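Worksheet for the structure shown next.
The values are calculated or read from the model by the stated rules, or taken from the named source; none is laboratory data. Quick caveat, the model's predicted, so the values are computed rather than measured. Reconstructed Cβ throughout: ideal geometry from the backbone, glycine too, with neighbour counts over all protein chains shown.
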Amino acid sequence: MLGTTWAASLRGLMSTIAGVSSTVEWSGTFVQILAPAAVVGGLYGWAEHLRRFDGPPWRRWFALAPLLFGLAGLTGVATWSDAGAAAVMGLALTVIAAVGGVALSGTGPLWSRLLGGLLAIVPVVVFVTVLPGAAGPAFALARPRGAWLTVYFAALLTVYCLAGSIPFRRAPRGRRVTGRAGPSARLPAEASADR
């Protein structure tokens, strides 16, 4: 649900920037944006479930979940250049989630978290730089509309990176549970409380 909400908000941002030329289509909006975001959100939720119960180390592979955006972007492409653009978009979204996720995860060396944070800010800098030229001077950062859209974009990016941090976070202390992580997995404290 959170993935779908995030994607619907992103689609709203895109529509605001495009203005009257914005169109909503089944393929572009639902297949390429909303559906993959729902699946990516679900995968991040699964990764969080595994993390809470100190699940297997392969849960870090969930960091690759945003590649689904690139795969969804391949639907309905007419040319090789469109396919290449969709693949690059999926890769870029995965890298942004991963580097921002590392920065916000609280794990790993300090230098990697600082570098991840700096790299995660790059899309905001590009947004502020490119938007006025692409959409008009009314979208400049010094104008209210441009400032609002920048805050909008930065907030969406921050939420995206917070979700991307889930596969990199440590399990909560005292949460080591042996065996399969699932609804039946119980913490030692919970088991002793029933006695």
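Odds and ends about this structure:
- Exactly one residue out of 23, 29 is surrounded by fewer than 17 Cβ atoms within 10 Å (Cβ to Cβ), more than 13 Å from the chain's Cα centre (by Cα) and hydroxyl-bearing (Ser, Thr, Tyr), and it is 23.
- Those residues of segment 8-27 which are of a type in the set (Gly, Ala, Ser) and either touching a residue at least 40 places away in the same chain (Cβ under 8 Å) or closer than 17 Å to residue 139 by Cα (or both), in sequence order: 9, 12, 15, 18, 19, 21, 22, 27
- Taken over segment 50-69, the criterion of being in a helix (DSSP H, G or I) and either surrounded by fewer than 16 Cβ atoms within 10 Å (Cβ to Cβ) or of a type in the set (Lys, Arg) (or both) is satisfied by 51, 52, 57, 58, 59, 60, 61, 64.
- Residue check for residue 29: of a type in the set (Ser, Thr, Tyr) and outside any helix (DSSP H, G or I): no
- Extreme residue, nearest to residue 16 (Cα to Cα), among residues of segment 151-171 that are among the small types (Gly, Ala, Ser) and outside any helix (DSSP H, G or I): 165
- Scan of segment 7-37 for residues that are among the hydrophobic types (A, V, I, L, M, F, W, C) and closer than 16 Å to residue 90 by Cβ, ordered by number: 7, 10, 31, 33, 34, 35, 37
- Close contacts from segment 131-150, counting a first residue that is farther than 15 Å from residue 19 by Cβ and hydroxyl-bearing (Ser, Thr, Tyr) and a second that is at pLDDT 85 or above and surrounded by fewer than 16 Cβ atoms within 10 Å (Cβ to Cβ), with Cβ to Cβ under 8 Å and a gap of 6+ residues or different chains, come to 150/124; 150/141.
- Scanning segment 38-64 for residues that are touching a residue at least 60 places away in the same chain (Cβ under 8 Å), farther than 19 Å from residue 93 by Cα and among the aromatic types (Phe, Trp, Tyr) yields one hit, 53.
- Residue 172 being in contact with a helix residue (DSSP H, G or I) (Cβ under 8 Å, 6 or more places away or on another chain), at pLDDT below 85 and on the phi < 0 side of the Ramachandran plot: yes
- Between 88, 77, 159, 126, the distinction of being over 20 Å from residue 36 (Cβ atoms), surrounded by fewer than 18 Cβ atoms within 10 Å (Cβ to Cβ) and either at pLDDT below 85 or of a type in the set (Val, Ile, Thr) (or both) belongs to 126 only.
- Test result for residue 46, exposed (fewer than 14 other Cβ atoms within 10 Å of the Cβ) and either of a type in the set (Phe, Trp, Tyr) or part of a loop (DSSP other than H, G, I, E, B) (or both): no
- Residue tally, condition touching a Phe, Trp or Tyr at 6+ places or on another chain (Cβ under 6 Å) and under 25 Å from residue 131 (Cα atoms), over segment 10-36: 1
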